[in-house]
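Where a number appears in this text, it was derived from the coordinates with a stated rule and is not lab data. Nothing here was measured: the structure is a model prediction, and the numbers come from that model.
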Amino acid sequence: MAQSAIEWTDSTWNPVTGCDKVSPGCKFCYAEVMTRRLHAMGQANYANGFKLTLQPHMLTKPLEWKKPQVIFVNSMSDLFHADVPLDYIQQVFDVMRRAHWHEFQVLTKRAERLAELAPLLAWPANVWMGVSVESANYTNRIDHLRTTGAAVKFLSVEPLLGPIPRLDVNGIDWVIVGGESGRTPRPLQESWVLEIMQQCQRANVPFFFKQWGGVNKKAAGRQLLGQTWDAMPVAKEAVLAAIARPLRVRRGELGSGLSLQPARLEGRRLKVGGPAAPLNSAYSPDSLA
Ligand code: SF4
């Protein structure tokens, strides 16, 4: 298990490594940069560099990790890449089903293949399926995502490369937004982020602002309108259970948005109900209108 610095997950699991670029969001692919480093360090799983490679010896790893985690699947690849055989994807899904104490986050840019294969996959409740949407030109990926049987459907709007004034979040449980980082990042405008946040709040969809990005992403930070935005998919059942039997939920997490963070629910399985965004800021959903 690799602990992850990514703000919206705990750990990463890479049963596939390597990829190919498919759209403008891939231009400064983080996985490609990391792969170069790991290859130079002699890490066996990266011997093929960024060429797509199945890593079958990694398949059952989550079953060995006893502590419940939120696990980002294939942070170094794309599970729905055309060169990943269907039966291999089915094996990955089977492991996720068997490792039911974890929550798994699968993210793809190959939304067409996702929709094509979705009926051939079993969708356990602990699998969150997401698509990347870097600009208004790729919102059709959301339509493909909606056709899947995933219990939690999410969008990674990162790196956000332009305004998305009509982001249809109907049927979507979670939206992550972030800017690009690296040596030559493409700029992110605050108005683009606020516009998406506004659309999420109007639709009551949890909104997570990951980072501004830039050359020095640490310095740029991740505050928006003077606060962080860390909403995660809400589990209505967990909320009700928390009321019936007090859980160790951190102060403030059951505010007006009833936002719970699954990783803090001591590994209990979450079933996602109606999502909510944190509404505890001075920001009003209509302040941009
Ligand atoms: S799909 Fe993801 S992993 Fe593949 S090249 Fe694009 S950004 Fe990198």
Subject >> Within straight-line cross-link reach of K27, aspartates and glutamates at Cα separation under 14 Å, skipping those fewer than 8 residues along the same chain >> reply: E134, E158, E180
**OP:** Compute the Cα gyration tensor for region 1-49, then decide on rounded, prolate or oblate, letting a ≥ b ≥ c be the square roots of its eigenvalues: rounded whenever a/c is under 1.5, prolate when a/b is larger than b/c in the other cases, and oblate in all that remain.
**Re:** oblate
Original post:
Going down the table (K66/K153; K66/K217; K21/K67), which pairs top 31 Å between alpha carbons?
Top reply: K66/K217; K21/K67
